[in-house]
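First the structure, in the form of structure tokens, and then the observations on it.
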Amino acid sequence: MTTTDALTADTRHTEPTEDNIRELVYAFYDRVRGDALLGPVFDGVLAGRWDDHLPKMCRFWASLVLGSKTYQGNVQQAHQPLPGIEPRHFSHWLYLFLDTVESRYRPAAAIQFMEPALRIAQSLQLSRFGWNYTIPAEQQALLTRIAPRERAAGSGHGH
């Protein structure tokens, strides 16, 4: 680990708060807006509405991670009408989100965002592409690693 890496690790958040969730959401969507693959998709839907969308995403993540219950909405409905969405969009969104989370939170806090992000992505993928859609192996492996209780619950040998 380099000195820069150690400094970064020392400055990452140990617990999510409303303030650092806001920082995370705004940093993540700055990356999305500047991204060649995701930027056009999001701008196509949110052009002129970013100022409404970002606070909603702050409430969404605060509700999931802090239990604040301030988010009102339906994730499935919000994502169904998006035109041109392909599996690669989900993979790239997850990469950017997980990378942004890891850069801002220490592992124990980061997992509080990663597990729901992976589960929601999986749900949206199955809803959008059909129940026969195969979740990418890397995505499934990451979820299994982050949420080992699922693996432990399903790994009985039946003896």
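So the values come out like this:
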item: Cα gyration tensor shape for the range 11-53, rounded if a/c is under 1.5, else prolate or oblate; result: oblate
item: Whole-Hz ³J(HN,Hα) from phi, Karplus 6.51 cos²θ - 1.76 cosθ + 1.60, for the range 95-106, glycine and proline x; result: 4, 4, 5, 5, 5, 5, 4, 4, 6, 10, 10, 5
item: For the range 44-147, size of Cβ-based charge dipole, Lys and Arg +1, Asp and Glu -1, in debye; result: 220 debye
item: Options V32, A62, G48, ranked by Cα towards positive dipole end of the range 15-149, top entry (Cβ charges); result: A62
item: Residues whose placed amide H lies under 5 Å from that of Y105, excluding near-sequence neighbours; result: H13
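No lab work stands behind these numbers, since they all come straight from the coordinates. None of these values were measured; they are calculated from a predicted model. Ideal geometry is used to build each Cβ from the backbone, glycine not excepted, and the neighbour counts take in all protein chains shown.
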